[in-house]
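The values are calculated or read from the model by the stated rules, or taken from the named source; none is laboratory data. Bear in mind that the values here come from a model prediction, so they are computed numbers and not experimental data. Heads up, the Cβs are rebuilt from the backbone with ideal geometry, glycines too, and the neighbour counts pull from every protein chain shown.
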There are 2 protein chains.
Amino acid sequence: MFEQVLIGGRWCASLDAQGSFRAEDPSRVEAIGPAFPISGDADIEAAMRAAVDVAGALNAASPAQIADFLERYAAAIDADADRLVALAHAETALPAEPRLRSVELPRTSNQLRLAAKAVRDYAWTDPVIDTQGGLRAHRAPLNKPVLVFGPNNFPFAFNAIAGSDFASAIAARNPVIAKAHPSHPATSQRLAQLAHTALLEADLPGASVQMLYHFDNALGLAWAGDARLGAIGFTGSRAGGLALKATADKAGVPIYAELSSINPVFMLPGALVERGEALAQEFFASCTMGSGQFCTNPGIVIVPKGEHGDAFVAAATRLFAEAEAKVLFSRGVQQNLARAVASLHAAGAHVLAGGSVGDGYRFQPTLLGVDGDDFVAHAESLQAEAFGPVSLIVRAADLAAMQRIAASFEGNLTGTIYRPSDGGDDSAWQALAPILRNKVGRLIANKMPTGVAVSAAMNHGGPYPSTSHAGFTSVGMPAAIRRFTALHSYDNVPEALLPAELRNRNPGGVQRLVDGRWTDGDVA
Amino acid sequence: MFEQVLIGGRWCASLDAQGSFRAEDPSRVEAIGPAFPISGDADIEAAMRAAVDVAGALNAASPAQIADFLERYAAAIDADADRLVALAHAETALPAEPRLRSVELPRTSNQLRLAAKAVRDYAWTDPVIDTQGGLRAHRAPLNKPVLVFGPNNFPFAFNAIAGSDFASAIAARNPVIAKAHPSHPATSQRLAQLAHTALLEADLPGASVQMLYHFDNALGLAWAGDARLGAIGFTGSRAGGLALKATADKAGVPIYAELSSINPVFMLPGALVERGEALAQEFFASCTMGSGQFCTNPGIVIVPKGEHGDAFVAAATRLFAEAEAKVLFSRGVQQNLARAVASLHAAGAHVLAGGSVGDGYRFQPTLLGVDGDDFVAHAESLQAEAFGPVSLIVRAADLAAMQRIAASFEGNLTGTIYRPSDGGDDSAWQALAPILRNKVGRLIANKMPTGVAVSAAMNHGGPYPSTSHAGFTSVGMPAAIRRFTALHSYDNVPEALLPAELRNRNPGGVQRLVDGRWTDGDVA
């Protein structure tokens, strides 16, 4: 009847389907594909038990096996690109080219390979050796399942069964229970099939990875408070994430939640003098790409008052006004976006272009404007995230106004400052950057925030409430892996009983902090 | 009238004292020293505002200044040892020698110096450079105050104004608001005077450090939920810590709470054959030192059944029975301990020695016993922490029983396995250690858990509920500093606008991860 779920290393019928759902083609508002089960308690409990039971075996697996799995899975995704892109395009309406095929899919397989590399060279384990103290420490698996909630907006790169949280949790040898996003079930199913096959080929326990398509929010909340979990990874709405965080916190389960961000972009005057028209185009492209459904969408742009600022706003307004309505992922996204725009309007922003829903799940690219003082006076309501092709232009009288605006922000994933290439505004940068710096995880110069490179120096994170913890990133290897680890110290333990990578001999050339110095050599 | 509090860089009268309290000499049950104010909302709010206001200036201070402060403070503590030891001895009844003078005080100043070293060499900042991606990242201050709640049991080394949380938070250039423990106010006052003087000598803002002696629990709870805080450090009881954690979690304030631990010690058969009598002595000394008031006290010892196990238990029982009653910190500690022993008894443990309160705040060193199967059957109530010179011996029929016992533990700070020096029990180690390993932060061989070295490879932390997060340690530099940091990434930022330690030139020889390799050189 319904499609099968992946529990305990087997594809099987849902034990207690509470009903079913189908994917939708958002561009045609039409149900597509087969019926997927909505899981109940029995599925959830079965997945949890299987994951708890397999944790020890996965913990004991060799890094080579884990890396082998990640690389096989990456290769399988690349080989299956045609099918995956077709499924994801149909379920999300994201463009097959370049977005899904040339950007997101290779990024996803690359991320799995970078996780494999971090596993092979032990980079995520942070080995520390104190020869005098007889102490050695490293990061180790949680030895418990990690529950991953995937978002709607990246069917591959943040998919609960293939994205960064998945790759990170498995790299640290923890079982993953993936809660797919119901807006792309067939894509998730196909990925899970590839993952499952790769697991078996790598000779890892099949139950290392489980996947359910959907369940009631109330069940998700209850599950997040299950102390058998080692951690939770979540990417999604602030309301949903905070609700999960509340129950996870109560149970002492660490939750890494990426919640919301408006990603302020400051235009210093010299940048607009130099290339205002081009920047308007750059801003428009970043804000409307993927229908603006990015956590790093430039949701607010701070533009100086005066001639060059006016010209930037005029150019941007024209671009937004001339653009076609963009297809969103779902009716829910469309409704939330309409509500968000109405609420910005009610808080004092005026509509410069767009502002209304289109056919089906479409929404007009929308630009709003507000005076800088008004923004600061109503900062809380004017910095609410509007998830979609929407941005708010804030006009700042001077540098001091920009500083006040920056100071009024909540925590964000990113903050950007555009400056002229001749360095003419560097004193303004020096005055503004320290304020913005402490409000964001990634400070960007002269680039829109929408590209998130999978780099060891990336921070896709930021102060609360953009994420649940300012010390961690959800993108970038090996840093993202550290979220799903426990710190393990060995005190006075004889060398033969230590984990191999903490012994004196270091045949693999692992980089280790030995008596305060990083080295890939043996301990003398 | 009352002693002054330290707010906003000045010693001043409490703005709204809700009453006062005096220290007690626990050995004589006698109030000593002057009257200290119990702060109300006004003190708390004033301290918070001053700390919020100073955060930016402290963030902008140079590492050399921060290190200078930490080293001056360390030197001042060493120079003032006579007075500090006298005050702490009077207020805690802990032995002046060796504990306070030769162990805890030098450990405290050494910890401040190690924090200074981590500041000077940037070790806590984890610099990462990705030259191809144009991304650079490091750890940075929270730019918000850190609130530190100190415990009763280490008047120097965990004092809110001098201990590891304090040193860590300041090393990361965050203002500290210290909530001293009311059981040693004069010690805390003296430390705060030294800290304040050292701050001014290092030319840092006086408001970088604030201290209040005491306030009502309800005010503390409310304060922990203040979103102006960057983080909270807490060491104390599980009930108190979980209450603070609940309000901090709700506000998105990271809290690093060390909550409770019973620190299981397993005796493998060969170790008892080899040196059972000596181990009984070692165990007794560790359990009763400092009147057992350690978070790493060996609260449970798993002993094989049979002849050698019986001899160990007999020897330990004799030592406990012959020992004098030990002075505890306060009536509250004594009452809690009596309740804990009664509750272990009610859950099925029998008293082998001691078991009752003595004169004043004294308590008899107490040894209880229980059968391994009974322990597993009532694991929850039998692993409740008894804070004081109390331990529970669990008799295990065989290795499988030891495994079941280990599997029944909650998260702990430490787990210890004693083995014979000839390696004869190594197969038993291999069977037991993986289970214990995942229940504890520090796995120890052949040593009691009560010594916690300040080492880069230490983990004074462990899985929930021993602490609030298994990924962090509260002791050991630079690791403990990372708790009070935010991850900062720089994307496409011109070199001249980067923090000095992320630029290409690396004149200080900072160790940095450049394109995947640790190096202290320049970026080419």
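One table, with the values for the structure above:
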| read-out | value |
| --- | --- |
| Residue under evaluation A:Arg512, criteria (1) closer than 30 Å to B:Ile255 by Cβ; (2) more than 7 Å from chain B (Cβ to nearest Cβ), criterion not met | (1) |
| Selection count, the range A:16-49, where residues are at positive phi and touching a residue at least 40 places away in the same chain (Cβ under 8 Å) | 2 |
| Hits in the range A:53-77 - residues which are of a type in the set (D, E, K, R) and crowded, with 23+ Cβ neighbours inside 10 Å | none |
| Residue count, the range A:479-501 (criterion: outside any strand (DSSP E or B) and buried (at least 23 other Cβ atoms within 10 Å of the Cβ)) | 6 |
| Residue list for the range B:170-184, restricted to those being buried (at least 24 other Cβ atoms within 10 Å of the Cβ) and under 26 Å from B:Asn297 (Cα atoms) | B:Ala178, B:Lys179, B:Ala180, B:His181, B:His184 |
| Filter result (free of Cβ contacts under 8 Å to residues at least 24 places away in the same chain, under 20 Å from A:Pro63 (Cβ atoms) and within 7 Å of chain B (Cβ to nearest Cβ)) within the range A:477-497 | A:Leu497 |
| Positions within the range A:118-136 being facing chain B (nearest Cβ under 10 Å), within 29 Å of the chain's Cα centre (by Cα) and at negative phi, in sequence order | A:Ala118, A:Asp121, A:Ala123, A:Pro127 |
| Answer from A:Ala311, A:Ala342, A:Ala323 - the residue that is at pLDDT 95 or above and more than 28 Å from the chain's Cα centre (by Cα) | A:Ala311 |
| The range A:274-287, subset touching a Pro at 6+ places or on another chain (Cβ under 7 Å) and over 28 Å from A:Ala480 (Cα atoms), residue surrounded by the most Cβ atoms within 10 Å (Cβ to Cβ) | A:Phe283 |
| Residue within the range B:203-215 that is touching a strand residue (DSSP E or B) at 6+ places or on another chain (Cβ under 7 Å), of a type in the set (A, V, I, L, M) and more than 22 Å from B:Trp124 (Cα to Cα) present | yes |
| Selection count where residues are surrounded by fewer than 16 Cβ atoms within 10 Å (Cβ to Cβ) and either polar (S, T, N, Q) or farther than 19 Å from A:Leu221 by Cα (or both), scope the range A:28-52 | 6 |
| Count - residues of the range B:50-84 that are touching a residue at least 24 places away in the same chain (Cβ under 8 Å), away from chain A (no Cβ under 14 Å) and either more than 18 Å from B:Phe484 (Cβ to Cβ) or of a type in the set (Phe, Trp, Tyr) (or both) | 16 |
| Helices (runs of 4 or more DSSP H) wholly inside the range A:1-120 that include at least 2 residues being in contact with a Gly (Cβ under 8 Å, 6 or more places away or on another chain) | A:41-60, A:81-92, A:105-120 |
| Some residue of the range B:100-115 being more than 14 Å from every other protein chain (Cβ to nearest Cβ), under 30 Å from B:Ile32 (Cβ atoms), in contact with a strand residue (DSSP E or B) (Cβ under 7 Å, 6 or more places away or on another chain) and of a type in the set (D, E, K, R) | no |
| Residue among B:Arg419, B:Arg437 that alone is closer than 30 Å to A:Ala172 by Cβ and touching a Phe, Trp or Tyr at 6+ places or on another chain (Cβ under 6 Å) | B:Arg419 |
| Residue match in the range B:350-358 (condition: modelled with pLDDT of 95 or more and in a helix (DSSP H, G or I)) | no |
| Restricting the range A:412-447 to residues that are more than 12 Å from A:Phe266 (Cα to Cα), surrounded by fewer than 24 Cβ atoms within 10 Å (Cβ to Cβ) and in contact with a strand residue (DSSP E or B) (Cβ under 8 Å, 6 or more places away or on another chain), the residue that is farthest from the other protein chains (Cβ to nearest Cβ) | A:Lys439 |
| Residues within the range A:215-240 that are more than 11 Å from chain B (Cβ to nearest Cβ), of a type outside the set (Lys, Arg) and surrounded by fewer than 23 Cβ atoms within 10 Å (Cβ to Cβ), tallied | 14 |
| The listed residue being touching a Lys or Arg at 6+ places or on another chain (Cβ under 9 Å), crowded, with 16+ Cβ neighbours inside 10 Å and either β-branched (Val, Ile, Thr) or over 29 Å from A:Asn459 (Cα atoms) (or both), out of A:Ala325, A:Ala315 | A:Ala325 |
| Number of positions in the range B:456-493 that are charged (D, E, K, R) and within 18 Å of B:Val146 (Cβ to Cβ) | 2 |
